[in-house]
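Notes follow once the structure below has been shown.
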Amino acid sequence: MELINRGMIVEEGPNPSTDYFVLPYLRKLGVSAKRLTFSDLPKVNDLKGVELIFVRYIPRKWQLLVQQNLNQLSGVSIFIDDDLLDWSAFSRMPLRYQAKILRYSWSKQRWLKSIGAQLLVSTPFLQNKYSHWSPKLLPAEPLDLSADQPISIFYHGSASHLDDANWLYPIIRQVIEQNQNLNFEIIGDGSINRLFRNIPRVQVLHPMKWPTYLAMLQKPGRTIGLAPLLNSPFNRARSHTKFFDITQAGAVGIYAEGDIYGSVIRHRENGLLLPMRPSVWVDAILQLASDDALREKLFHGAKKCL
């Protein structure tokens with residue numbers, strides 16, 4: 001394993017197991033590994049000389065790919081940081097979780113041993129328990145979060161704002177893809193969670209009572225508040241109170257053009273006032289996220305209006 005030249009990490013998605021254990025291990029070996037999800041099957045030519053590391057789980061299509069191209073790989077490993085190989089250890093877990101472990105981990109043991117796969121583990125307990133497999137212990141290491149502080153975009157609407165949230169979806173997807181330092185916070189129920197769950201770095205908060213919401217606004221960490229407003233009969237009766245919410249959260253706002261927000265927002269003085277065109281909002285969010293001076297100017301202007 002110490003002779004790895006190229007690595008591929010196969011993971012269900014971004015996860016703490018990879019970040020705390022597998023990536024530090026590879027960095028110590030001087031290896032820069034490509035991270036692939038279950039659906040990201042590589043081309044056969046890309047497997048030549050690669051050490052493949054499965055994190056916790058092995059999907060069937062990846063197993064078939066390895067089996068058919070084993071002679072191309074320099075080796076195969078699986079990393080576990082829970083006892084996924086002994087049914088008695090997870091037999092009291094929820095049935096869905098048991099089924100997942102049985103399908104993607106427990107059932108792969110015989111096959112892994114047949115191809116000479118290396119077992120990587122997170123604790124001395126697992127190392128001792130599976131000593132017959134000669135596992136390698138990977139120590140946990142903290143993440144380096146000292147680089148860029150994430151920028152939090154948020155939209156705090158109620159169930160009556162569902163159409164506006166749907167309008168925001170492709171905008172958020174695009175800005176999150178283009179700027180890895182952005183995250184997004186939205187309030188909503190199950191339908192909002194289903195809508196946004198495939199976008200990384202999105203947090204969906206449960207709807208809450210007004211006093212709880214006010215207490216939440218006092219916690220720091222929010223940067224850019226969004227206040228879209230589609231031209232609908234219900235929206236025409238709204239007020240500009242989201243300006244207060246956004247400013248009291250310590251953030252600057254991007255607001256929909258029109259009489260409602262136009263009555264309080266002066267464009268580029270105390271917020272951004274924009275037409276409801278998605279491309280314009282994408283550009284504005286990305287610009288505002290990268291311009292500290294503009295955000296500071298807009299926030300000071302907004303504070304004067306409270």
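The values are calculated or read from the model by the stated rules, or taken from the named source; none is laboratory data. In this text the structure is predicted, and so the values were computed from the model without any measurement. So basically every Cβ, Gly included, is an ideal-geometry build from the backbone, and we count neighbours across all protein chains shown.
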Exercise. Does segment 144-164 contain at least one residue that is outside any helix (DSSP H, G or I), free of Cβ contacts under 8 Å to residues at least 40 places away in the same chain and of a type in the set (D, E, K, R)?
Worked result: yes
Exercise. Taking segment 127-142 only, how many residues are closer than 15 Å to residue 55 by Cα and surrounded by 16 or more Cβ atoms within 10 Å (Cβ to Cβ)?
Worked result: 2
For this session: Considering only residues that are closer than 27 Å to residue 235 by Cα and either surrounded by fewer than 15 Cβ atoms within 10 Å (Cβ to Cβ) or hydrophobic (A, V, I, L, M, F, W, C) (or both), look in segment 288-306 and name the one that is nearest to the chain's Cα centre (by Cα).
Result: 288
For this session: Filter segment 114-136 for residues that are part of a helix (DSSP H, G or I) and within 11 Å of residue 85 (Cβ to Cβ) and give the result.
Result: 126, 129, 133
Seminar exercise, completed: Among (1) assigned to a helix (DSSP H, G or I); (2) farther than 16 Å from residue 106 by Cα, residue 40 falls short only on (1)
For this session: For segment 202-252, enumerate the residues that are modelled with pLDDT of 90 or more, surrounded by fewer than 21 Cβ atoms within 10 Å (Cβ to Cβ) and part of a helix (DSSP H, G or I).
Result: 210, 211, 212, 213, 214, 215, 216, 217, 241, 244, 245, 248
Exercise. Given the conditions (1) aromatic (Phe, Trp, Tyr); (2) out of contact with any strand residue (DSSP E or B) (no Cβ under 9 Å at 6 or more places or on another chain); (3) in contact (Cβ under 8 Å) with a residue 40 or more places away in the chain, and given that residue 281 satisfies all but one, which numbered condition is not satisfied?
Worked result: (2)
